[in-house]
Amino acid sequence: MTQSTHFDRPSQPALTLTWRWSAFDEFTPGEIYDVLAARSAVFVVEQNCVYGDIDGQDKHAWHLRAHAAMPDGLQLAACLRVLVPDSADPDVRIGRVLTCIDFRGFGLGRALMEQALAHIGVQWPGVAMRLHAQAHLQPFYAAFGFTPVSEIHDEDGIAHVWMRSSCNRERADSRIQ
């Protein structure tokens, strides 16, 4: 599923973003390279955190990507993955949420989460959602209805907390109207 939106940026030219949901097997080699390179740049290099990003779960996830129309073509601006409910875990799990460094500071992370939650609410109505947030981002995720369900703990040298929301149907309905 692909959709485009116009995104205003203060003091900068407006962006046209193309939003795309993909299953792993729909990625081209270049697209998966871009996602893995962005995740490495943010989670490994920028955050100075050596960890195993390639964990085998991408193959079973849905991936949301925002591409910005730039003079030299489309550039990955933000992405996340969604692990679907299954017999081992009844919650929808959101993870690997990132905004690429060149696209930070004007609300793209919020737009990314809004796109994800609207889609999740339609695809899996009434199913609770969970994410493993960096602790300093609790207020960001709380604005989307997520509340902490664990203590703050260390994950690869970074303070994290599990957060959960059970309101995906209501949230999706309010965004569609």
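The values are calculated or read from the model by the stated rules, or taken from the named source; none is laboratory data. Quick caveat, the model's predicted, so the values are computed rather than measured. Cβ coordinates were reconstructed from backbone atoms using ideal geometry, including for glycine residues, and neighbour counts include every protein chain displayed.
For the stretch 129-177, give me each residue that is among the aliphatic types (A, V, I, L, M), under 20 Å from TRP21 (Cβ atoms) and at pLDDT 95 or above. Of everything in the stretch 129-177, those that are among the aliphatic types (A, V, I, L, M), under 20 Å from TRP21 (Cβ atoms) and at pLDDT 95 or above turn out to be MET129, LEU131. Apart from one condition, GLY30 fits all of (1) at pLDDT 95 or above; (2) within 18 Å of the chain's Cα centre (by Cα); the exception is (2).
Taking the criterion of being without any contact (Cβ under 8 Å) to a residue 40 or more places away in the chain, of a type outside the set (Val, Ile, Thr) and surrounded by fewer than 13 Cβ atoms within 10 Å (Cβ to Cβ), the residues of the stretch 19-47 that qualify are ASP25, GLU26, PRO29, GLY30, TYR33, ALA37. Just checking, does the stretch 105-118 include any residue being in contact with a helix residue (DSSP H, G or I) (Cβ under 9 Å, 6 or more places away or on another chain) and in a strand (DSSP E or B)? Within the stretch 105-118, none of the residues are in contact with a helix residue (DSSP H, G or I) (Cβ under 9 Å, 6 or more places away or on another chain) and in a strand (DSSP E or B). Go through the stretch 131-158 and report how many residues are closer than 22 Å to ASP89 by Cβ, part of a loop (DSSP other than H, G, I, E, B), out of contact with any helix residue (DSSP H, G or I) (no Cβ under 7 Å at 6 or more places or on another chain) and without any contact (Cβ under 8 Å) to a residue 40 or more places away in the chain. So the count comes out to 4. Going by what's in this entry, would ARG93 be described as assigned to a strand (DSSP E or B), within 15 Å of TRP124 (Cβ to Cβ) and touching a Gly at 6+ places or on another chain (Cβ under 8 Å)? It is false that ARG93 is assigned to a strand (DSSP E or B), within 15 Å of TRP124 (Cβ to Cβ) and touching a Gly at 6+ places or on another chain (Cβ under 8 Å). For the stretch 167-176, the criterion of being hydroxyl-bearing (Ser, Thr, Tyr), within 16 Å of the chain's Cα centre (by Cα), more than 20 Å from ASP34 (Cβ to Cβ) and not in a loop (DSSP other than H, G, I, E, B) is satisfied by no residue at all.
Among the residues of the stretch 84-102, is there at least one that is modelled with pLDDT under 95 and under 22 Å from SER40 (Cα atoms)? Yes, because at least one residue in the stretch 84-102 is modelled with pLDDT under 95 and under 22 Å from SER40 (Cα atoms). Scanning the stretch 39-82 for residues that are in a helix (DSSP H, G or I), of a type in the set (Asp, Glu) and within 15 Å of the chain's Cα centre (by Cα) turns up just one, ASP58.
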